[in-house]
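Here is the structure we will look at, set down as structure tokens.
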Amino acid sequence: MCLAVPGRVLEIAERDGTRMAVVDFGGVVKDVCLEYLPDLEVGEYAIVHVGFALQRLDEESARRTLQLFEELGLLQEEFGDPWEAAETAETAAASAASAASAKREEER
């Protein structure tokens, strides 16, 4: 899934002729292109999609949205390590299969 996630601008710099920012997404820090929001400043929040800041957002809305995303596990899904997520899913599937097998044995 690919979400538009609110983030807070920590730093702004020009890199290779492009205005870029370091943005904090509730503890996950990523580089973001600011070309669509050239007047965005450090400390402000923006909605970011696929590495581009698309719309300015007020702090309260950003914090509420980040909290909701965190509760739903969407930040981990969006920014987490895909190998770790696959391993966790594989472990959960193996555990469920083992429990189902044990239950079938018990029922016999």
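Six or more apart or on different chains, Cβ atoms under 8 Å: show the pairs whose first residue is in the stretch 51-75 and at positive phi and whose second is buried (at least 19 other Cβ atoms within 10 Å of the Cβ).
Gly51/Val32
Only one of Glu41, Glu14 is assigned to a loop (DSSP other than H, G, I, E, B) and either open to solvent by 60 Å² or more (accessible area, probe 1.4 Å) or closer than 19 Å to Glu71 by Cα (or both). Can you tell me which?
Glu41
Is one or more of the residues making up the stretch 66-73 surrounded by 13 or more Cβ atoms within 10 Å (Cβ to Cβ), touching a helix residue (DSSP H, G or I) at 6+ places or on another chain (Cβ under 6 Å), at pLDDT below 90 and in a helix (DSSP H, G or I)?
Here is the first cut: in the stretch 66-73, the ones surrounded by 13 or more Cβ atoms within 10 Å (Cβ to Cβ) are 66, 69-70.
Checking which are touching a helix residue (DSSP H, G or I) at 6+ places or on another chain (Cβ under 6 Å) leaves us with 69.
Those left that are additionally at pLDDT below 90: 69.
Imposing the further condition that a residue be in a helix (DSSP H, G or I) reduces the set to 69.
Yes, the stretch 66-73 contains a residue that is surrounded by 13 or more Cβ atoms within 10 Å (Cβ to Cβ), touching a helix residue (DSSP H, G or I) at 6+ places or on another chain (Cβ under 6 Å), at pLDDT below 90 and in a helix (DSSP H, G or I).
Being under 12 Å from Ala4 (Cα atoms) and in a strand (DSSP E or B) is the filter; apply it to the stretch 44-55 and report the residue that is most open to solvent (accessible area, probe 1.4 Å).
Of all residues in the stretch 44-55, those under 12 Å from Ala4 (Cα atoms) come to 46-55.
Within this subset, residues satisfying the condition of being in a strand (DSSP E or B) are 46-49, 52-55.
Working: Ala46: 3, Ile47: 42, Val48: 12, His49: 62, Phe52: 76, Ala53: 1, Leu54: 83, Gln55: 106 Å².
Residue satisfying both the conditions and the ranking: Gln55.
Within the stretch 25-38, take every residue that is in contact with a strand residue (DSSP E or B) (Cβ under 9 Å, 6 or more places away or on another chain) and surrounded by fewer than 16 Cβ atoms within 10 Å (Cβ to Cβ) and give me the one that is farthest from Gly73 (Cα to Cα).
Within the stretch 25-38, the subset in contact with a strand residue (DSSP E or B) (Cβ under 9 Å, 6 or more places away or on another chain) is 25-26, 28-38.
Still in the list and also surrounded by fewer than 16 Cβ atoms within 10 Å (Cβ to Cβ): 28-31, 35-36, 38.
Working: Val28: 13, Val29: 17, Lys30: 18, Asp31: 21, Glu35: 29, Tyr36: 28, Pro38: 31 Å.
The qualifying residue farthest from Gly73 (Cα to Cα) is Pro38.
The values are calculated or read from the model by the stated rules, or taken from the named source; none is laboratory data. Worth saying up front: this structure is predicted, and the values here are computed from it rather than measured. Positions of Cβ are backbone-derived with ideal geometry, glycine not excepted, and every protein chain shown enters the neighbour counts. SASA here: full protein model, heavy atoms, side chains in, ligands and nucleic acids out. Shrake-Rupley method; radii C 1.70, N 1.55, O 1.52, S 1.80 Å.
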